[in-house]
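Comments concern the structure below.
The values are calculated or read from the model by the stated rules, or taken from the named source; none is laboratory data. Just so it is clear, the structure is predicted and the values come from calculations on it, not from any experiment. Note: ideal-geometry Cβ built from the backbone for every residue, glycine included; neighbour counts use all protein chains shown. The protein model used for the area step is the full one, side chains on, heavy atoms only, and it has no ligands, DNA or RNA in it. Shrake-Rupley method; radii C 1.70, N 1.55, O 1.52, S 1.80 Å.
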Amino acid sequence: MYSAAMRDLKITRLSDEFGQYAIFLECACGHTRRCSPHTLAAFAGWDVELQAVVRRLRCSKCNQKRCTARAVPVTAPRGYKSH
């Protein structure tokens, strides 16, 4: 679902990088989901640490609390021109 070529960002708090990144949540069962930091900040706040929020999350497939998170930069869609 995500490319291994994407570089990981060093995110400590949800407010890092001004919230301009994507979070890939992966469970030990293999289920992966893309999430926005805005979604997590809606219930936890912007000043909370990312790992503290991830510890609270449950997998929607197996219902276990075994998630890990990767933060990657947001990329523009193919064919997008900024000018």
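Can you give the local net charge around Arg34? Use residues other than it whose beta-carbon is closer than 14 angstrom to its beta-carbon, Lys and Arg +1, Asp and Glu -1. Local charge sum for Arg34: +1. Cβ-Cβ distance of His31 and Ser82, R₀ of 35 Å, FRET efficiency by 1/(1 + (r/R0)^6): the value works out to about 0.55.
For the chain, the solvent-accessible area with a 1.4 angstrom probe is 71 square angstrom per residue. Computed over the chain, relative contact order equals 38 percent, with contacts defined as Cα pairs under 8 Å that lie 6+ residues apart. Taking the protein heavy atoms of the chain in the context of the full set of protein chains, the accessible area attributed to carbon and sulfur is 48 percent at 1.4 Å. Each of His38, Ile11, Ser60 was scored by the projection of its Cα onto the charge dipole of the chain, and the greatest displacement toward the positive side belongs to Ser60; charges sit on the C-beta of Lys, Arg, Asp and Glu.
By the beta carbon rule, with partners counted only under 4.7 Å, the chain holds these lone Cys residues: Cys35, Cys67.
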